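*Asks:* This is the structure I want to talk about, given as structure tokens.
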Amino acid sequence: MEFITYEQEGFVGVITINRPQALNALNSQVLDELNETLDSINLDTTRALILTGAGEKSFVAGADIGEMSTLTKAEGEAFGKKGNDVFRKLETFPIPVIAAVNGFALGGGCEISMSCDIRICSENAIFGQPEVGLGITPGFGGTQRLARLVGAGMAKQMIYTARNIKADEAYRIGLVNAVYPAAELMEQAKKMAAGIAANAPIAVRNCKKAIDDGLQVDMDEAIVIEEKLFGDCFETEDQKAGMGNFLEKDKEKKLKVVPFQNK
Ligand code: CO8
């Protein structure tokens, strides 16, 4: 692959969008390679992902403006669908994905970060949806996910004004969970991912599914989704080991409820 690198460290996979000469802007090839990378991840040996951008300046500075500049209406829709399909694959990926936002997260960059479960960023991160300044709407889910994450009022303000916000403001409005000095960002992302990976993997996946599926329906349906996924955990070895360790009062084992992938 030319623009995506994938590294596995223990149970954690790190996907890096690696096109620093264009501030990691998303062209069709980057989207295709990201799609292939997600398809190739071994879910038996991977329990959490980190998504980041290469270099110190930018996470992703948006969709590729050069590629978009000559699109027709039909091509614009097709490009939007291409991005949306990959971002939806990321969003519904069975395991948690942490966006480690290391600089510009503009347009498609903000949008891809919002397709991840959790966002943390460096102090130099800048978020924004500048599309209306370019004569377009956000087209990779920004009108939908930003409103769901920070509320319709704040999302509308950001999108209508096309004003970028810095890391501290992104933290204040709940767009990111934490802000770190740039040099610490990946270490913190890996620490969080390892913490997730140390928990019972089927239970973690079921939590992701329960939260995401539950948010799409009303509370009566949502709690039924939770009940089903909760019940499924009782077929896992993790549940037996985890609760067994607690009941045996074995402190050492109690701290590492983990062991099995299987049901
Ligand atoms: N697309 C293509 N190339 C880009 C992009 C981009 N989004 N962003 C930066 N680059 C390139 C520059 O052209 C430049 O290339 P070169 O060196 O060959 O001239 C290189 O990256 C470095 O950029 P700058 O020289 O501009 O760096 P600065 O530090 O001066 O500025 C900025 C950094 C502020 C990030 C600036 O590059 C910028 O404003 N970039 C564009 C940001 C933007 O508007 N992003 C949103 C794009 S629209 C979008 O994402 C819509 C998503 C939905 C699409 C749906 C399709 C239907």
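The values are calculated or read from the model by the stated rules, or taken from the named source; none is laboratory data. Keep in mind that this is a model prediction, so the values were computed, not measured. All Cβ positions, glycine included, derive from the backbone under ideal geometry; neighbour counts span all protein chains shown. Keep in mind that these areas ignore ligands, DNA and RNA; they rest on the heavy atoms of the full protein, side chains included. Shrake-Rupley method; radii C 1.70, N 1.55, O 1.52, S 1.80 Å.
*Asks:* Longest exposed-loop-site-free stretch of the chain, with GluC sites (Glu not before Pro), DSSP loop and at most 16 other Cβ within 10 Å? Don't skip to the end; give the middle numbers.
*Replies:* Working: sites that count: Glu2, Glu56, Glu123, Glu235, Glu248.
Here the longest segment lacking exposed loop sites spans 124-234.
*Asks:* Something else about it: With 31 Å as the limit, write out which pairs from Lys156/Lys190; Lys89/Lys191; Lys89/Lys228 have Cα-Cα distances beyond it, or answer none.
*Replies:* Cα-Cα > 31 Å for Lys156/Lys190; rest within.
*Asks:* How large a share of the accessible area of the range 49-134, in percent, is made up of carbon and sulfur atoms when the probe is 1.4 Å and the other protein chains stay in place?
*Replies:* Its accessible area is 58 percent carbon and sulfur atoms.
*Asks:* Still on this structure, I have one more. Evaluate the relative contact order of the range 1-115 (contact order divided by residue number), counting alpha-carbon pairs under 8 angstrom at least 6 apart; express in whole percent.
*Replies:* Here the relative contact order equals 31 percent.
*Asks:* Placing +1 on the Cβ of each Lys and Arg and -1 on the Cβ of each Asp and Glu in the chain, which of Ile202, Ala74, Gly151 has its Cα farthest towards the positive end of the resulting dipole?
*Replies:* Gly151
*Asks:* Follow-up question, since we're still on this one. What accessible area per residue, rounded to a whole number of Å², is obtained for the chain using a probe radius of 1.4 Å?
*Replies:* With the other protein chains kept in place, the chain gives 51 Å² per residue.
*Asks:* For Ala125, enumerate residues with amide H under 5 Å from its amide H, sequence gap 5+ or separate chain, H modeled in the peptide plane.
*Replies:* Close amide H contacts, sequence-distant or interchain: Gly103, Ala167.
*Asks:* Can you give me the angle between helix 185-197 and the longest principal axis of the chain, using Cα atoms only, in degrees from 0 to 90, rounded to the nearest 10?
*Replies:* Orientation of helix 185-197: about 40 degrees from the principal axis.
*Asks:* How do Met186, Met243, Met1 stack up against each other in accessible area, from largest to smallest, with a 1.4 angstrom probe?
*Replies:* Met1, Met243, Met186
*Asks:* Rank these residues by their accessible area, most exposed first, probe 1.4 Å: Asp212, Asp64.
*Replies:* Largest to smallest exposure gives the sequence Asp212, Asp64.
*Asks:* Relative to the first principal axis of the alpha-carbon coordinates of the chain, what is the inclination of helix 28-40, with its axis defined by its Cα atoms, in degrees from 0 to 90 and to the nearest 10?
*Replies:* 10 degrees
*Asks:* Another question about this same structure. Can you give the angle from 0 to 90° between the axis of helix 152-161 and the longest principal axis of the chain, with both taken from C-alpha atoms, to the nearest 10?
*Replies:* Once rounded, one gets 30 degrees.
*Asks:* Here's something else I'd like to know. Take the alpha carbon gyration tensor of the range 16-152, find the square roots of its eigenvalues, order them as a ≥ b ≥ c, and report rounded if a/c is under 1.5; if not, report prolate when a/b exceeds b/c, else oblate. All intermediate terms of the calculation are to be shown ahead of the outcome.
*Replies:* Working: a/c = 1.41, a/b = 1.27, b/c = 1.11.
Note, shape of the range 16-152 comes out rounded.
*Asks:* Quick one: grab the alpha carbon gyration tensor of the range 34-84, order the square roots of its eigenvalues as a ≥ b ≥ c, and give me rounded if a/c is under 1.5, else prolate or oblate depending on whether a/b is larger than b/c.
*Replies:* Note, shape of the range 34-84 comes out oblate.
*Asks:* I'd like the chymotrypsin sites (Phe, Trp or Tyr not before Pro) in the range 155-249 restricted to DSSP loop residues with at most 10 other Cβ atoms within 10 Å, sorted by number.
*Replies:* Those satisfying the criteria are Phe234.
*Asks:* Next question. In percent, how large is the relative contact order of the chain, given Cα pairs closer than 8 Å and 6 or more residues apart?
*Replies:* Across the chain, relative contact order equals 15 percent.
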